[in-house]
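Following: one structure in structure tokens, then a few remarks.
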Amino acid sequence: MSRKCELTGKSILRGNNVSHSNRKTKRVFQPNLQLKKFYLEEEDRWITLKVSTSAIRNISKKGLKACLDEAVEKGLILGY
């Protein structure tokens, strides 16, 4: 699987390490992804998602159903 959040779409970013002498070397910034199980009350089942920690906070604030609906609307997931 790719290193991409299934709800927010966050993925890896590329940049540079910059040393004290200002020498630049390539590096990768990876999102903080967690494999997490959520209980979907409307359908009475568990779903497993690979989500970033910021997406977990959004689920705590808005609710799982609202976050899944937003992801479908953005085209990040086809259905749930």
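The values are calculated or read from the model by the stated rules, or taken from the named source; none is laboratory data. These figures come from a predicted structure and were not determined experimentally. Neighbour counts are summed over all protein chains in view; Cβ atoms, including those assigned to glycine, are modelled from backbone coordinates with ideal geometry. For accessibility, only protein heavy atoms count, side chains too; no ligands or nucleic acids. Shrake-Rupley method; radii C 1.70, N 1.55, O 1.52, S 1.80 Å.
May I ask you to list the residues in segment 1-45 that are within 22 Å of Leu64 (Cβ to Cβ) and aromatic (Phe, Trp, Tyr)? Result: Phe38, Tyr39. In the condition set (1) under 17 Å from the mean Cα position of the chain (by Cα); (2) surrounded by 10 or more Cβ atoms within 10 Å (Cβ to Cβ), Lys24 is compliant with all but (1). Scanning segment 60-80 for residues that are touching a strand residue (DSSP E or B) at 6+ places or on another chain (Cβ under 9 Å), open to solvent by less than 60 Å² (accessible area, probe 1.4 Å) and farther than 26 Å from Leu13 by Cα returns a single hit, Leu64. The strands (runs of 3 or more DSSP E) found wholly in the chain and carrying at least 3 residues that are free of Cβ contacts under 8 Å to residues at least 12 places away in the same chain occupy 13-18. Scanning segment 30-59 for residues that are over 15 Å from Gly9 (Cβ atoms) and open to solvent by 100 Å² or more (accessible area, probe 1.4 Å) yields Leu35, Lys37, Glu41, Glu42, Asp44, Trp46, Arg57.
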